[in-house]
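Asks: Let me give you the structure first, and then I'll get to my questions.
The values are calculated or read from the model by the stated rules, or taken from the named source; none is laboratory data. Just so we're clear, the structure is a prediction, and the values are computed from it rather than from any experiment. Cβ atoms come from the backbone with ideal geometry, glycine included; neighbour counts cover every protein chain shown.
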Amino acid sequence: METLNRHIAELAPRKFNKYGIAWLAFLGLVILASLIAYWKQLSEGLVITGMRDYALWGVYISNFVFFVAISLVGSLITAILRLTGAHWSTPITRISEIIAVAAIIMAGLTIIIDMGRPERLYYLFIYGRLQSPIIWDVIVISTYLVISLLLLYYPLLPDFAILNKYYTKQPKASKWYGRLALNWTGNPEQKKRFKKAIRMLSVLIIPVAFGIHTVTAWLFATTFRPGWDSTNFGPYFIAGAFVAGAGAVITIMYIVRRVYRLENYITDLHFDRMGRLLVLLCLVYLYFNVNEYLVPAYKNPVDEAVHLESLFTGAYAPLFWLVIIGGLIVPILVLIVPRGRKPLPVFIMGIIVVVGAWWKRYLIVTPTLLHPFLPVQGVPESWHHYFPTAPEWTITFGTLAMALLIITLLVRYLPVIPIQETAEERGIIQIEKTKAK
Amino acid sequence: MRQGRHTYRFLFLGVCLCCISFASGQDEKNRVRVSLGYTKVMPATSALTITAKYRAEEGIVATPGLDFEVFRVLEADSMVLEGSARTNSEGEAVFKLKNLNSIQPDSSGIYTYRVVSLEHPDFSEAEKDISFREALLDIGISTADSIPQLTATLTDAYSGEALEELPLRVQVQRLFRPLRIGEEFYMTDSDGSVTVPVEPGIPGLDGLITLEVVLAENDDYGSVKALVETPVGEPIKNLSTFNKRTMWSPPSKTPLFLLIVPNLLILGIWGAIVFLVINLFKIYKSKN
């Protein structure tokens, strides 16, 4: 019993230390600044952004695609690895589920920010046409959000029941965990229903997750523009999303391990495995990138040539090569060697991959819009270019801070590593049962 | 010394003039120029077109958002309020009149209307009268030597007399602007009639074309228009997808496959979600 109690004590949610509180305050400040900027946007309109007739999608949509990409990690780690029997991933499933929930919530909010007039959201439901990929996106995002919440909640039931008993000296916490545990006792009927639901969710989330990112890709691919006119965009986006999601999990799992001292649970093995996985995902994404750029570059129609030139050697070249080399090739080279798969290098590569993934979305959205098939002419000079304005950056950083805040709060109040599942996998519960007999 | 006193007087006078001109400048409103037109579309649709303009720095421009009251002027110079109208962004307002058949004109068969602009912070009040007689324009289609012919007859509604020597335009109704037939205009004869052959080969859906005869902006009768739909055109097939279920249709005309397949998928997935939520409830209930 002592072993189990120690196990619970190590994994039970803990209060923030001073760094945690400082982190929360920092996020709060960024969010406050973004709310002020958003109020300004609401009052004065989207004219305060850098978006104009041509660059009508800007950093908000790049940010939205980034969030959608990150959210895909829930299906990768939880569902795909679970269904393939990769039990090593158990300690990081909760982290990936938390990231998925935070990311998909913020993806939905980012779209509302981009709309400019949030009170008109209901127009989508009243006047929306099923022929429009935007409606598909609304449907699939809301569906994915609900499934992600269920996928986060279901595995928490046994853990909530454990925490209900564990926090007997803190009645308030115990009461809340007890309510959330839904009378979980682990009886055969509950277990049967529980296993069935987890299996169902693991299967259900995969097509929906693929759907959400394919539909997001179709928002671009169904629009006839250089750089987007591709039948390959769905798989290309999914491959990129897996890279971004894996990078996000690596980053958060390193921080959680350091802060909560979970070296016994999130081990070097996990970083090694995640490093290997990231190499594989980066290679697949690199392959899709070669496909996306090589084929149009070979055929080189005029409009594609202008767009590709801006990426390869033009105004966007430094960013483009930084993203491709820094965000994909360098992680592959570092992580392919065993020394590179130690926690710290993997963590650094994870951050680089996430930052690269964010800018990659910016490069997908903006240069294309500034190179339409009909040349940009007869408009003010400023319309030829796009760079986010200060309010746009503030709001964007605010959304990123909100995602981090959701993750931070969920990490604070939920057991970040599944208590029951790890105890079962480590045989702790079995040992306790044997001792009891 | 005396010269100095004059200088002070001139200065005082100058300041007063400046103040007066400034004060009057504050209240100065733009003078609105109103023009009125009368249009009748047979058999019984009559309207007044009110156009309001004013002189701005950039020239004569439209006066949008100006409210007018429309009065019918009676013989004893009394007036009956008919309604109100507001100019649009082009400075125009169309005021639909009551059926003139039910209204008695004055003793000489003339109807008189007056429009009066209401108070506006930027524009001064303005009014304008229009007087017109009511004309009737009857049209019909006949065939002579297997060529379809349009016959139009213009008469004065009050006296019943034929109106001769008035120009009538004959045209085919089209989406953006009418297609004129034959000459620029035809003068009515002593019977107030014109007869115009309709050229073969004018395309129309299922051969149907709408012919229009127009008396345009006449000083006495305003504009009078009569329409007739007749199957004398060259039949063409309707290529419009307006009523079809297409990817570019409104929500009510979504293609069936797009209604069925995604909705089945949505139902399937949300069915599973509902099942999972119910499952949570069942877990809650089966604690023992």
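Asks: Out of the residues in region A:313-350 that are free of Cβ contacts under 8 Å to residues at least 24 places away in the same chain and among the β-branched types (Val, Ile, Thr), state the one that is farthest from A:CYS282 (Cα to Cα).
Replies: It comes out as A:THR313.
Asks: Additional query: Considering only residues that are closer than 13 Å to B:ILE273 by Cα and of a type in the set (Gly, Ala, Ser), look in region A:179-217 and name the one that is nearest to the other protein chains (Cβ to nearest Cβ).
Replies: A:ALA197
Asks: Looking for something of a type in the set (Ser, Thr, Tyr), within 22 Å of B:THR143 (Cα to Cα) and either outside the structural domain of B:ASP145 (by TED's automatic domain parsing) or out of contact with any Pro (no Cβ under 7 Å at 6 or more places or on another chain) (or both) - is there at least one such residue anywhere in region B:218-226? Break it down into steps so the answer makes sense when it comes.
Replies: Initially, region B:218-226 is screened for residues of a type in the set (Ser, Thr, Tyr), giving B:221, B:223.
After this cut, where a residue has to be within 22 Å of B:THR143 (Cα to Cα) as well, the list is none.
No, every residue in region B:218-226 fails to be of a type in the set (Ser, Thr, Tyr), within 22 Å of B:THR143 (Cα to Cα) and either outside the structural domain of B:ASP145 (by TED's automatic domain parsing) or out of contact with any Pro (no Cβ under 7 Å at 6 or more places or on another chain) (or both).
Asks: Looking at A:PRO388, is it outside any helix (DSSP H, G or I), within 20 Å of A:LEU11 (Cβ to Cβ) and not β-branched (Val, Ile, Thr)? Before the answer, list the steps.
Replies: Working: outside any helix (DSSP H, G or I): yes; within 20 Å of A:LEU11 (Cβ to Cβ): no; not β-branched (Val, Ile, Thr): yes.
When the stated conditions are applied, A:PRO388 does not pass them.
Asks: Let me ask another. Residues to consider are B:SER131, B:SER107, B:SER89; find the one that is touching a residue at least 12 places away in the same chain (Cβ under 8 Å) and part of a strand (DSSP E or B).
Replies: So the residue among B:SER131, B:SER107, B:SER89 that is touching a residue at least 12 places away in the same chain (Cβ under 8 Å) and part of a strand (DSSP E or B) is B:SER131.
Asks: Checking A:LYS169 against (1) modelled with pLDDT under 95; (2) assigned to a helix (DSSP H, G or I); (3) away from chain B (no Cβ under 14 Å), which test does it fail?
Replies: (2)
Asks: Check whether at least one residue in region B:71-81 is surrounded by 12 or more Cβ atoms within 10 Å (Cβ to Cβ), under 16 Å from the mean Cα position of the chain (by Cα) and not assigned by TED's automatic domain parsing to the domain that holds B:GLU217, and report yes or no.
Replies: The first filter runs over region B:71-81 and keeps only residues surrounded by 12 or more Cβ atoms within 10 Å (Cβ to Cβ), leaving B:71-75, B:79.
Of the ones still in play, those that are also under 16 Å from the mean Cα position of the chain (by Cα) are none.
Within region B:71-81 (the criterion being surrounded by 12 or more Cβ atoms within 10 Å (Cβ to Cβ), under 16 Å from the mean Cα position of the chain (by Cα) and not assigned by TED's automatic domain parsing to the domain that holds B:GLU217), the answer is no, since none of the residues qualifies.
Asks: Check whether at least one residue in region A:161-179 is without any contact (Cβ under 8 Å) to a residue 24 or more places away in the chain and buried (at least 21 other Cβ atoms within 10 Å of the Cβ), and report yes or no. Reasoning before the result, please.
Replies: Filtering region A:161-179 for residues without any contact (Cβ under 8 Å) to a residue 24 or more places away in the chain gives A:164-165, A:168-179.
Going one step further and asking which of them are buried (at least 21 other Cβ atoms within 10 Å of the Cβ), we end up with A:177.
Within region A:161-179, one or more residues are without any contact (Cβ under 8 Å) to a residue 24 or more places away in the chain and buried (at least 21 other Cβ atoms within 10 Å of the Cβ).
Asks: A further question follows. So is A:SER75 modelled with pLDDT of 90 or more, closer than 30 Å to A:GLU424 by Cα, surrounded by 18 or more Cβ atoms within 10 Å (Cβ to Cβ) and not aliphatic (A, V, I, L, M) or not?
Replies: Values: modelled with pLDDT of 90 or more: no; closer than 30 Å to A:GLU424 by Cα: yes; surrounded by 18 or more Cβ atoms within 10 Å (Cβ to Cβ): yes; not aliphatic (A, V, I, L, M): yes.
It is false that A:SER75 is modelled with pLDDT of 90 or more, closer than 30 Å to A:GLU424 by Cα, surrounded by 18 or more Cβ atoms within 10 Å (Cβ to Cβ) and not aliphatic (A, V, I, L, M).
Asks: While we're here: Only one of A:LEU311, A:LEU322, A:LEU363, A:LEU333 is assigned to a helix (DSSP H, G or I), under 26 Å from A:HIS385 (Cα atoms) and more than 22 Å from the chain's Cα centre (by Cα). Can you tell me which?
Replies: Working: A:LEU322 fails: more than 22 Å from the chain's Cα centre (by Cα); A:LEU363 fails: more than 22 Å from the chain's Cα centre (by Cα); A:LEU333 fails: under 26 Å from A:HIS385 (Cα atoms).
Testing whether each residue is assigned to a helix (DSSP H, G or I), under 26 Å from A:HIS385 (Cα atoms) and more than 22 Å from the chain's Cα centre (by Cα) leaves just A:LEU311.
Asks: List the number of the failed condition for A:LEU130; all other conditions in (1) aliphatic (A, V, I, L, M); (2) surrounded by fewer than 22 Cβ atoms within 10 Å (Cβ to Cβ); (3) out of contact with any Pro (no Cβ under 9 Å at 6 or more places or on another chain); (4) within 13 Å of chain B (Cβ to nearest Cβ) hold.
Replies: In the conditions (1) aliphatic (A, V, I, L, M); (2) surrounded by fewer than 22 Cβ atoms within 10 Å (Cβ to Cβ); (3) out of contact with any Pro (no Cβ under 9 Å at 6 or more places or on another chain); (4) within 13 Å of chain B (Cβ to nearest Cβ), A:LEU130 misses (3) alone.
Asks: The conditions are (1) aliphatic (A, V, I, L, M); (2) over 23 Å from A:TYR413 (Cα atoms); (3) under 22 Å from the mean Cα position of the chain (by Cα), and A:ILE77 fails exactly one of them. Which is it?
Replies: Every listed condition holds for A:ILE77 apart from (2).
Asks: Looking for something more than 18 Å from B:THR195 (Cα to Cα), part of a loop (DSSP other than H, G, I, E, B) and outside the structural domain of B:LYS40 (by TED's automatic domain parsing) - is there at least one such residue anywhere in region B:144-158?
Replies: Filtering region B:144-158 for residues more than 18 Å from B:THR195 (Cα to Cα) gives B:156-158.
With the extra rule that they be part of a loop (DSSP other than H, G, I, E, B), the set shrinks to B:157-158.
This time we only want the ones that are outside the structural domain of B:LYS40 (by TED's automatic domain parsing), so: B:157-158.
Yes, because at least one residue in region B:144-158 is more than 18 Å from B:THR195 (Cα to Cα), part of a loop (DSSP other than H, G, I, E, B) and outside the structural domain of B:LYS40 (by TED's automatic domain parsing).
Asks: Would it be correct to say that B:ILE181 is touching a helix residue (DSSP H, G or I) at 6+ places or on another chain (Cβ under 6 Å) and buried (at least 16 other Cβ atoms within 10 Å of the Cβ)?
Replies: Values: touching a helix residue (DSSP H, G or I) at 6+ places or on another chain (Cβ under 6 Å): no; buried (at least 16 other Cβ atoms within 10 Å of the Cβ): yes.
When the stated conditions are applied, B:ILE181 does not pass them.
Asks: Tell me yes or no: at least one residue of region A:95-105 is in contact (Cβ under 8 Å) with a residue 40 or more places away in the chain, touching a Leu at 6+ places or on another chain (Cβ under 6 Å) and within 14 Å of chain B (Cβ to nearest Cβ). I'd like the intermediate steps shown before the answer.
Replies: So in region A:95-105, the residues in contact (Cβ under 8 Å) with a residue 40 or more places away in the chain come out as A:95-105.
Remaining after also requiring touching a Leu at 6+ places or on another chain (Cβ under 6 Å): A:97-98, A:101, A:104.
Among the residues that remain, those that are also within 14 Å of chain B (Cβ to nearest Cβ) are: none.
No, region A:95-105 contains no residue that is in contact (Cβ under 8 Å) with a residue 40 or more places away in the chain, touching a Leu at 6+ places or on another chain (Cβ under 6 Å) and within 14 Å of chain B (Cβ to nearest Cβ).
Asks: What residue, among those in region B:40-58 that are part of a loop (DSSP other than H, G, I, E, B) and hydrophobic (A, V, I, L, M, F, W, C), is modelled with the lowest pLDDT?
Replies: Taking region B:40-58 and keeping what is part of a loop (DSSP other than H, G, I, E, B), we get B:42-44, B:57-58.
Going one step further and asking which of them are hydrophobic (A, V, I, L, M, F, W, C), we end up with B:42, B:44.
Working: B:MET42: 85, B:ALA44: 75.
Looking at the filtered set, the residue picked out is B:ALA44.
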